Amino acid sequence: MALSRRSFFGSTALAAGAALLPGELLARAGAAAPTPATLQDWDTVRGLFELSPDWVHASLFLLSSHPRPVREAMEKMRRALDANPADMLEESAFSKPEHNLDVRAAAAVARYIGASVEDVALTNSTTHGLAVAYHGLSLGPGDEILTTAHDHMVHVETARLVSARCGASVREVRLFEGHDASAATAEGLVRTLRDAIAPATRVLGVTWVHSSSGLKLPLRRLADAVREVNEKREPGRRVTLLVDGVHGLGADDPRVAETGIDVFVSGLHKWMLGPRGTGIVWARPELWARMRPINLSYNAEELYLAWMEGRAPQPPARAS
Ligand SMILES: Cc1ncc(COP(=O)(O)O)c(C=O)c1O
């Protein structure tokens, strides 16, 4: 029996008396594009932000100040939710896919990074995305997570938590001494990482742009090197190249899904200037299919239908 969420709720007293005005609700929620910003000169760009003029702000690596189009879209959404939470949720999440705001957000990210919308999961931060990705990968005793000495605390600690849970070990490789990255070369970085991969290594977790030094790893060359390693391995022993890309997304060539990496994790509330508490995980479809989900999403239609029909969800799993 296929029963949509709308018909399910429609059959209960929950929906009784609620007058649906989908067009109006979505218009209030900013379904139409926010006021376009013209970015022809620096003063105009500067004017989009409500940053205090008393300071020179160089803090995008921490948290963005929202530019006007983002503030306006968020305010519209807040008003629509406050005015009619039930209908707003129904229209923006549970009815037509083209109205689903999560799917539309994932589709926008997918276009930006050169990916398929079905391979983009929405998260609340880089930290959350790292947990989704690392805990989702099916690691166990005898497997190794290889990270670097230059990753953010949340990356290091996520790897430690995953290790404690599943029995995989964690090893760190240093790419250069101290904090001076100035002598590092693309070739040297890739060689050091490739040489550090051991037979037990199943995940190579790196940071695209290091928060401590600004050093940017050459993703495409690194992905090529990992592919060469993997060509000599059985499918079950291959190395997954996982990238914390939060300081690259929005600041550099965004088509990361085309670089050859396997998993890309990022917040959207730094250089992307997105709402605070937003982020993504992109992974190759064959990885999503193997991952063990650690939390649910309302956007997985198959999950929902399977639950309604009292059966197990059918593989393959996708990002949602
Ligand atoms: C490299 C890196 N990864 C992850 C994070 C955590 O980001 P989020 O706030 O999106 O969890 C930071 C925070 O500054 C960071 O610099």
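Bear in mind these aren't lab numbers, they're just calculated from the coordinates by the rules spelled out. Quantities reported herein were computed from a predicted structural model and do not represent experimental measurements. Using ideal geometry, Cβ is built from the backbone for each residue, glycine included, and neighbour counts are taken over all protein chains shown.
What the Cβ-Cβ distance of Ser65 and Asn124 gives, at R0 = 25 Å and to the nearest 0.05, is a FRET efficiency of 0.85. Within region 165-272, the GluC sites (Glu not before Pro) that combine a DSSP coil assignment with at most 12 other C-beta atoms in a 10 angstrom radius are Glu177.
What is the order of Asp195, Asp102, Asp151, fewest Cβ neighbours within 10 Å to most?
Working: Asp195 10, Asp102 15, Asp151 21.
Least to most surrounded, the residues fall as Asp195, Asp102, Asp151.
Around the Cα centre of the chain, unit charges on the Cβ atoms of Lys, Arg, Asp and Glu (plus for the first two, minus for the last two) sum to a dipole of about 500 debye. With neighbour counts taken as other beta-carbon atoms within 10 Å, the residues Trp288, Trp42, Trp307 rank, fewest first, as Trp42, Trp307, Trp288.
Maximal additional length on extending the Arg165-Lys96 stretch stands at 20.9 nm, based on 0.36 nm per residue less the C-alpha distance. Per-residue ellipticity at 222 nm computed for the chain from its helices equals -10500 deg cm²/dmol, with DSSP H segments shorter than 4 residues left out and the rest contributing -39,500 (n - 2.57).
Put simply, the chain fits an ellipsoid with semi-axes of 37, 28, 15 Å; these come from the alpha carbon gyration tensor as the roots of five times its eigenvalues, largest first.
Each residue of region 144-150 is assigned a 3J(HN,Hα), and the resulting list reads 10, 9, 9, 10, 10, 6, 10 Hz, derived from the Karplus form 6.51 cos²θ - 1.76 cosθ + 1.60 (θ = phi - 60°), x at Gly and Pro. Taking all Cα pairs closer than 8 Å and separated by 6 or more residues, the relative contact order of region 29-143 comes to 18 percent.
In sequence order, region 199-211 has phi-based couplings of x, 7, 5, 10, 9, 10, x, 10, 10, 4, 10, 5, 6 Hz under the Karplus curve 6.51 cos²θ - 1.76 cosθ + 1.60, θ = phi - 60°, and Gly or Pro positions carry x.
If we count other beta carbons within 10 Å of each Cβ, what is the order of Asp119, Asp244, Asp82, fewest first? Write out the running numbers ahead of the final one.
Working: Asp119 21, Asp244 29, Asp82 10.
Fewest-to-most Cβ neighbours within 10 Å comes out as Asp82, Asp119, Asp244.
Dipole magnitude for region 116-275: about 220 debye, using +1 per Lys or Arg Cβ and -1 per Asp or Glu Cβ, origin at the Cα centre.
Rounded to the nearest 5, what % of the DSSP beta bridges within the chain are antiparallel ones? The partial results should precede the final answer.
Numbers: 10 of 27 bridges.
Bridges in the chain are about 35 percent antiparallel.
Compactness of region 120-308 was expressed as the Cα radius of gyration divided by 2.2 N^0.38 Å, which yields 1.01. Entry note: region 212-284 has Rg to Rh equal to 1.03, where both radii use alpha-carbon atoms and Rh is the Kirkwood radius. Taking the Cα centre of region 188-278 as origin and assigning +1 to Lys and Arg Cβ atoms and -1 to Asp and Glu Cβ atoms, the resulting dipole is close to 120 debye. To the nearest ten degrees, helix 126-136 and the longest principal axis of the Cα atoms of the chain are 80 degrees apart. You can think of it this way: the chain between Asp54 and Asp82 has 6.6 nm of extra reach, that is 0.36 nm per residue less the Cα-Cα gap. Ranking Gly248, Gly267, Ala133 by Cα position along the charge dipole of the chain, where only Lys, Arg, Asp and Glu carry charges on their C-beta atoms, puts Ala133 farthest toward the positive end.
Take the Cα of Ser182, step 7 Å toward its Cβ, do the same at Thr44, and the gap between the two points is 3.8 nm. Farthest towards the positive end of the charge dipole of the chain, among the residues Gly178, Trp42, Leu303, is the Cα of Leu303, using unit charges on the Cβ of Lys, Arg, Asp and Glu.
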